[in-house]
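Structure first, commentary second.
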Amino acid sequence: MKIQLHILTPVFLLVSSLFLLFSTDHPFVICGSILLAVTVLAGGKKWKQLKQGLWFALPMTFFMLLFNLVFVSSGVTELAVVFGKRITLESILYAFLMGVKLLAATYLFFMAGSLTNGDKAVSYCGSKLPKSTLTFLLIFRLIPHFRESFFHLKDVYATRGVEFENVPLREKIKSYRAVLAVLLEQSLESSFEIGEAAYTRGFLSTKRSVYERSRPTWRDGLVLTADALLLAVYILLLVNGSASFNLYFGEGLERLSNPAWILFLLLCATLAGCILIANRKQRETTEVTWDT
Amino acid sequence: MKRVIITAAAVALVGSLMLLAVSEWQNAFTLVSLVVLAGVLALSFLYFEASIIGTKQIALIATLSAFTAVSRIVFAPIPNVQPVTFLTALCGLALGPFPGFLVGCTSAFVSNIFLGQGPWTPWQMFSWGLIGLFCGLWGKNGKKPSPVAFGLACVGFSFLFGWIMNLWQAVAYLRPFTWLGFLLTYVTSLLFDLMHAAGSFLLAILFYEKFYKILHRYKRRMDVTYIDTSLPKEGL
């Protein structure tokens with residue numbers, strides 16, 4: 001998926017989706033959030049992230065399920081009594097619901113990440129928050145450098161006769177301690193040079209020019225309009241009390257059949273569709289000129 | 001400003017926790033705490049922008065953050081051994097409260113790019129930032145604790161980190177919220193917190209002396225004293 005959106009659009013999307021998700025436990029809101037995030041991630045062929053989200057959420061869901069089975073007796077629908085302890089359908093459903101909520105939140109973060117263009121983000125943030133941008137830029141540049149330096153130093157030490165393999169753990173720790181201390185010192189020395197270089201180039205002396213000024217386009221308008229519509233419908237549901245939900249007290253069950261929820265889910269799907277349309281690659285037009 | 005941020009964050013967190021007594025407010029708490037955390041983090045970065053921190057200090061903070069983030073990624077296969085706690089605490093102690101806070105925040109954010117971003121990211125940024133800040137306040141007068149004392153402090157910080165993360169988990173995902181359930185969340189995480197604490201203690205014993213010397217040397221190199229040349233040069 002080629003990212004065509006302005007840098008602020010995914011930020012607004014993430015904030016509004018997290019507001020929806022964390023303001024209620026309503027199953028339709030959780031389903032809507034999952035629908036939105038999964039459609040966008042699947043549309044962008046982010047299969048790895050979809051799998052990674054499951055890896056995060058499954059152990060937590062299992063823990064919550066176990067916790068609710070052992071310690072929670074609230075609920076009306078009794079499934080069994082084990083050692084005098086009531087196991088209720090509500091406690092199981094709630095554990096599952098909370099697991100899905102965590103999965104939805106994780107997917108929403110992944111979605112925002114997949115919609116953000118790194119270069120555009122740097123360019124935009126560089127003009128607004130120059131110090132923070134420089135910090136993050138340096139970190140990203142330094143991470144591969146650390147890996148390289150570490151192996152380089154290890155080679156140097158090994159050539160000098162320091163043993164890293166086939167030695168007792170104590171010796172191994174000693175050897176690695178020396179390498180890590182040198183790595184830290186060397187990196188800090190180069191950080192000094194980077195700082196000096198940035199200073200002599202006049203960094204932070206004036207307002208930095210923006211190399212690639214990105215302006216909102218119809219794509220951002222489309223996504224933000226769909227998002228605003230979804231938010232408006234949700235706020236109406238929240239105000240009339242349809243969004244309150246508590247399975248243990250049976251709260252919100254009678255309003256599950258409210259047709260407005262169908263509209264809400266449709267709007268979630270529409271928003272996902274709008275994001276995919278907005279991120280569609282622009283058709284390249286070739287201008288043909290004829291020599292006369 | 002820093003004190004205002006800490007006090008505001010602490011008051012907001014404790015105040016929100018009090019709201020839990022009324023369980024219908026649990027969702028509101030999740031939202032409010034997220035907003036408060038985002039606000040605290042945004043304020044600290046805005047403070048960073050407005051501060052007199054120059055390019056050299058920025059490069060130093062970035063290098064230490066990258067080092068810390070890489071160490072977390074390297075140790076990721078070992079369950080809950082988090083070198084970030086030790087390194088952030090050390091940076092705070094050697095460089096001061098605000099650089100410590102920044103190193104904790106940024107390394108959590110950057111390492112999560114590799115390990116996975118999620119709703120836990122702002123909480124981790126805040127928790128590790130807080131560790132750097134506390135340690136910075138501890139070493140503000142140039143105090144250098146012994147390796148054992150620093151190791152024990154790291155044990156405390158590891159538990160603090162675990163407790164803050166438990167707070168997030170219990171409040172956001174525990175339904176129905178009960179104080180017993182809240183307590184049990186802390187009990188079940190005890191093993192992981194212990195592993196985190198043991199790892200941090202071991203790292204402190206092994207690396208504290210050597211790393212502190214290095215960081216302290218670079219801290220001294222950052223300090224610039226301007227000599228007033230207009231004064232008469234007596235005795236020359």
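Derivation of every value follows stated rules applied to the coordinates shown; laboratory data play no part. Everything numeric in this text was worked out from a predicted model, so none of it was measured. Using ideal geometry, Cβ is built from the backbone for each residue, glycine included, and neighbour counts are taken over all protein chains shown.
Normalising by the residue count of chain A, find the relative contact order in percent from Cα pairs under 8 Å and 6+ residues apart. List each step's numbers first, then the result.
Details: 282 pairs, mean separation 92.4, N = 292.
Result for chain A is 32 percent.
Quick check for me: using +1 on Lys/Arg Cβ and -1 on Asp/Glu Cβ, what's the dipole size of chain A about its Cα centre, in debye to the nearest 20?
Using only the charged Cβ atoms, the result is roughly 280 debye.
Bin by bin, in steps of 10 Å, what percent of the Cα pairs in chain A do you find, going until the bin that has the longest distance?
All Cα pairs considered, the percentages come to 5, 18, 20, 20, 18, 13, 5, 1, 0, 0.
Which of rounded, prolate, oblate describes segment A:215-262, given a ≥ b ≥ c as roots of the alpha-carbon gyration tensor eigenvalues and a/c under 1.5 marking rounded, otherwise prolate only if a/b is larger than b/c? Spell out each step's value before the answer.
Working: a/c = 3.90, a/b = 3.37, b/c = 1.16.
The shape class here is prolate.
Of the options A:Ala243, A:Phe150, A:Leu137, report the single residue whose Cα projects farthest towards the positive end of the charge dipole of segment A:89-247 (beta-carbon charges: Lys, Arg +1; Asp, Glu -1).
Projecting each Cα onto the dipole axis, the largest value belongs to A:Leu137.
Can you give me the angle between helix A:118-128 and the longest principal axis of chain A, using Cα atoms only, in degrees from 0 to 90, rounded to the nearest 10?
The helix A:118-128 is inclined about 80 degrees to chain A.
Using a 10 Å cut-off on Cβ to Cβ distances, tally the other chain neighbours for every residue of A:64-74 and report the average as a whole number.
Numbers: counts 5, 0, 1, 6, 4, 0, 1, 5, 6, 0, 3.
Counting other chains' Cβ atoms within 10 Å and averaging over A:64-74 gives 3.
Across peptide A:190-197, what mean number of C-beta atoms from other chains lies inside 10 Å of a residue's C-beta?
Working: counts 2, 12, 7, 2, 7, 10, 3, 2.
What the average comes to for A:190-197 is 6.
Rounding to the nearest 20 debye, state how big the charge dipole of segment B:53-222 is about its Cα centre with +1 on each Lys and Arg Cβ and -1 on each Asp and Glu Cβ.
Details: 12 positive and 2 negative charges, 152 e Å.
I would put it at about 740 debye.
How big is the dipole moment of the protein assembly as shown about its Cα centre under a simple scheme where the beta carbon of each Lys and Arg is +1, that of each Asp and Glu is -1, and everything else is neutral? Debye, nearest 20, please.
Numbers: 44 positive and 28 negative charges, 193 e Å.
Here the size comes out at about 920 debye.
With angles folded into 0 to 90 degrees, how steeply does helix A:8-22 sit against the dominant principal axis of chain A? Use alpha carbons for both and round to 10.
That works out to roughly 40 degrees.
Any of A:Lys174/B:Lys56; A:Lys174/B:Lys140; B:Lys56/B:Lys144; A:Lys131/B:Lys219; A:Lys51/A:Lys101; A:Lys48/A:Lys101 with alpha carbons more than 22 Å apart? Name them for me. List each step's numbers first, then the result.
Numbers: A:Lys174/B:Lys56 31 Å; A:Lys174/B:Lys140 31 Å; B:Lys56/B:Lys144 24 Å; A:Lys131/B:Lys219 19 Å; A:Lys51/A:Lys101 16 Å; A:Lys48/A:Lys101 20 Å.
Beyond 22 Å between Cα atoms: A:Lys174/B:Lys56; A:Lys174/B:Lys140; B:Lys56/B:Lys144.
Could you derive backbone 3J(HN,Hα) for segment A:104-114 from the dihedral phi with the Karplus parameters 6.51, -1.76 and 1.60 (θ = phi - 60°), listing whole Hz in sequence and x where the residue is Gly or Pro?
Values per residue, Gly and Pro as x: 4, 4, 5, 5, 5, 5, 4, 4, 4, x, 6 Hz.
In chain A, once you exclude exposed chymotrypsin sites (Phe, Trp or Tyr not before Pro) (DSSP loop, at most 15 other Cβ within 10 angstrom), what's the longest stretch remaining? Display every interim value, and only then the final one.
Details: sites that count: A:Phe83, A:Phe164, A:Tyr211, A:Trp290.
Free of exposed loop sites, the longest segment is A:1-82.
Average the reciprocal distances over every distinct pair of alpha-carbons in segment A:120-200, invert the result, and give the Kirkwood radius in Å. It would help to have the intermediate numbers written out before the result.
Details: mean 1/r = 0.0672 Å⁻¹.
The Cα-based Kirkwood calculation yields 14.9 Å.
Counting only other chains, what is the mean number of Cβ atoms within 10 angstrom of the Cβ of each residue in peptide A:157-163?
On the way: counts 0, 0, 0, 0, 0, 0, 0.
Mean partner-chain Cβ count within 10 Å for A:157-163: 0.
For helix A:169-200, what angle does its Cα long axis make with the longest principal axis of chain A, in degrees from 0 to 90 and rounded to 10?
Approximately 80 degrees, to the nearest ten.
Could you check which residue among A:Leu247, A:Leu65, A:Leu129 shows the biggest mean-square fluctuation in a GNM of chain A with a 10 Å Cα cutoff?
A:Leu129
Gaussian network model of chain A, Cα springs within a sub-10 Å range: biggest mean-square fluctuation belongs to which of A:Glu254, A:Glu78, A:Glu165?
Of A:Glu254, A:Glu78, A:Glu165, the most mobile in the Gaussian network model is A:Glu165.
What are the extents of the Cα atoms of the protein assembly as shown along their three principal axes, in Å, largest first?
Taking the Cα atoms of the protein assembly as shown, the three principal extents are 91, 90, 55 Å.
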